[in-house]
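Below is one structure; the comments refer to it alone.
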Amino acid sequence: MTGFGFRKNMVFSWSGANFRIDRIHENGDVLLERTEDGVMSVRTREDLLSDYREGKIAAVAHVEIGAAPAIRSFSRPLCELSTTVQHEAARRRHYLQKVCSAGNVVFTKTRLWPLILLAAAEINDAQPPSTTTVYRWHRRYCRDKDSRALIPPTDLRGPRAIRQVEKILQLASDAIDEACKASPMASGQSIYTRLLTKIDAENRFLAEKRQLKAPSLRTVYRMLLRIDAFDRTVLREGKIEAEKKFAIVKAGVKTSQILERVEIDHTPLDLFLIDERSKLPLGRPTLTVVIDHYSRMLLGFHLSFGNPSTAAVMGALRQAILPKAALHNVIPELTPTRDWICYGRPDVMVVDNGMEFHGKDLDSVAYDLGIRIQFCPKHQPRFKGVVERYLGTCNRFFAHQLPGTSLSRWHLRGDYDPLKHAVLTLSEFHQLFQKWVLDVYAQTVHRGTRETPWARWHQGLQRREPELPESADALDKRIGLVEERTLRADGILLHGIQYSGDSLGPMLRTFGPGTKVRVLFNSEDLGGIKVWAPNSPDPVPVLALDQTYARGLTSLQNKLIRAAVREKGASQQDAGALGAAKQSIVSAVETLMDSRKQKDRRRAAEIVGSSTSKSAGAEASTMFQGMRCDGNEPSSPVNSPPRKFAKIDAPPPSYSFFRPKNKLTEEPGK
């Protein structure tokens, strides 16, 4: 290793500039010359040593005045060298040590050769080096002041550049690109075949003396090895996957208090649920969660059989903000032992670029509640890694342990049939999931925070008190879907439903008919809306004129009914036509519920509006309360006794699986 020392003509780097030691005085002062412009300065030896200790001074290798041109020495660990090269380096060092131990040796053959023979006899070397060779080794060692200069530079052997002409390299690049686009598992042989075809096509238009010579298959493999690992991944898996695989994992976002940042996302649960009445599998529900970044506590969730939607986001956000009510015990023996104490209005909501997050509805709610929405870059889920990891934990350590799980990949099921083993209804799963969240997940040490989410939330409560809207009614006035409608003398028409009442009188007299107003509604209950007049601080509630039809009606149900009315050519205001359409929809849903196809039953559950909001006590539409056209009473999970978990061809489930296999909940690297 090249050293640093106070000697004449020594060159070193100091605070970004190179200096040369011109002379050293007896009192310890050092005269320095800046090599860039020749400016002279005097520094004390103590100042230079102090800066060297702090890392401001470093020797510049091979820059001493009169030094020979530098030859790069091997700088990696010696264990990377082959056994032969390591043996040769030790052999050279042995000869130099023998020569140097003799004192000041004159490098002549007469004086040096006896020492070389003596050193060769000690190691049984049958072919000792010549005196000239030993002299070159000694000169290289004295110049570099480093024993690594004796290592044979075998790594520099061979050409550094490809010998193929530029045209061959271009054709090879095109062949690689085409082969990887055709198949991500393209082999070197397929690439070579494409390259030969391209070379033959080029040679047709070239003179005989200018013909391109095709490389060998081995040469093509060497070309592939020269491609960077990132570029190879781009060719085979695409740029998005390559950026994920080669992304530098950093510390990530840091939060210092609860509700400072929440993350929202959806996932299809790897679990099949069954219908309350028919006990037939409905399908895999969609889970929407809101999780606190600081504590990793779940703030709210929404579960339904529909696709990710703004309504699901609103339902989860509403539950996250409000204090949690006690859950109805569908399974008395599995009541959560801890209360769900998480609530409060967050500062920032982190979401992805799904359509449900980019609508004006969520923007309006966030503006009214004073919440800032932060969107992640496209195709970059790592920017909300907390909720991504949480959803994975829900599937792996909870859903995968329940009867009826579909697992994450179909090939992992083997002979296991999730449709046969499905035994849980939506309301039962709701209670089980809440118990797992409060009694298992919240009490398990989190790998990212090294604390349990439960304890971390309580620590956060000591520094910040969660803030709520001024009232629950004020939250209801602001959270929901938003539309703009025209105020008329007969009220407001929204999705084919007429809304009117005395509360619209002052608004109509003040602004007059034709005024544009803001309408806020709940997509899971169209029985009433809230109307914001221009420049009004608060909305006024307005009920639907036909409560028998609209009360508890969902937007999807209303859309299907109106489509049925239009097909029959009846007016939307014809109550008889609406009634007939309702009966036809009920009959169709009943047929879907009894269908042997699981996708039909899932569609029926989506039409009925099965979700955690409804299972939590929200009033269902009167048109679906019976769900039977033959007059038979439906079974009710609230009034019926707790269902015994037994089913033909399905073993009774054991609830000892609620604890994860690993005590540390997983989270991605930061």
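The values are calculated or read from the model by the stated rules, or taken from the named source; none is laboratory data. Note that the structure is a prediction, hence the values are computed from the model and not measured. Quick reminder, even Gly has a Cβ in these numbers, built from the backbone with ideal geometry, and neighbours come from all protein chains shown. In case anyone asks, the SASA skips ligands and DNA or RNA and just uses the protein heavy atoms, side chains included. Shrake-Rupley method; radii C 1.70, N 1.55, O 1.52, S 1.80 Å.
Some values worked out for this structure:
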read-out: Using a Förster distance of 35 Å, the FRET efficiency for Lys239-Asp200 (Cβ separation, nearest 0.05); value: 0.65
read-out: Per principal axis, descending, Cα span of segment 248-383 in whole Å; value: 47, 36, 31
read-out: Solvent-accessible surface (1.4 angstrom probe) belonging to Ile561, in square angstrom, nearest 10; value: 0 Å²
read-out: Per DSSP, loop trypsin sites (Lys or Arg not before Pro) in segment 245-328 with at most 14 further Cβ within 10 Å; value: Lys250, Lys254, Lys279
read-out: At R0 = 41 Å, FRET efficiency that the Cβ-Cβ distance of Glu465 and Trp410 yields, to 0.05; value: 0.30
read-out: FRET efficiency, Asp490 to Asn307 (Cβ-Cβ, R0 41 Å, nearest 0.05); value: 0.75
read-out: Accessible-area composition of segment 384-442, carbon plus sulfur, in percent [1.4 Å probe]; value: 52 percent
read-out: Highest average packing first - 210-216, 552-558, 286-292, Cβ atoms within 10 Å; value: 286-292, 552-558, 210-216
read-out: Surface accessible to a 1.4 Å probe, Glu465 within the full protein complex, Å²; value: 130 Å²
read-out: Per DSSP, loop trypsin sites (Lys or Arg not before Pro) in segment 1-42 with at most 15 further Cβ within 10 Å; value: Arg7, Lys8
read-out: Whole-number accessible area per residue in Å² for segment 348-476, which is evaluated in the context of all protein chains at 1.4 Å; value: 45 Å²
read-out: Gain upon complete extension [Glu451, Phe511; 0.36 nm per residue less C-alpha separation]; value: 15.9 nm
read-out: Accessible surface ranking that places the most exposed of Val134, Val106, Val234 first, with a 1.4 angstrom probe; value: Val106, Val234, Val134
read-out: Ranking by accessible area, most exposed first, for Thr267, Thr337 with a 1.4 Å probe; value: Thr337, Thr267
read-out: Global form of segment 209-298, assessed from the alpha-carbon gyration tensor, a/c cut-off 1.5; value: oblate
read-out: Distance (nanometres) between label positions extended 7 Å along Cα→Cβ at Ser503 and Thr219; value: 8.3 nm
read-out: Additional length obtainable on full extension of the chain from Lys56 to Arg157, 0.36 nm per residue less Cα span; value: 32.7 nm
read-out: Spacing of the two label points (7 Å from each Cα toward its C-beta) at Thr110 and His458, in nm; value: 9.4 nm
read-out: Cα gyration tensor category, rounded, prolate or oblate, for segment 415-461 with a/c compared to 1.5; value: oblate
read-out: Residue among Pro381, Gly496, His458 farthest towards the positive dipole end of segment 346-498, charges placed on Cβ; value: Pro381
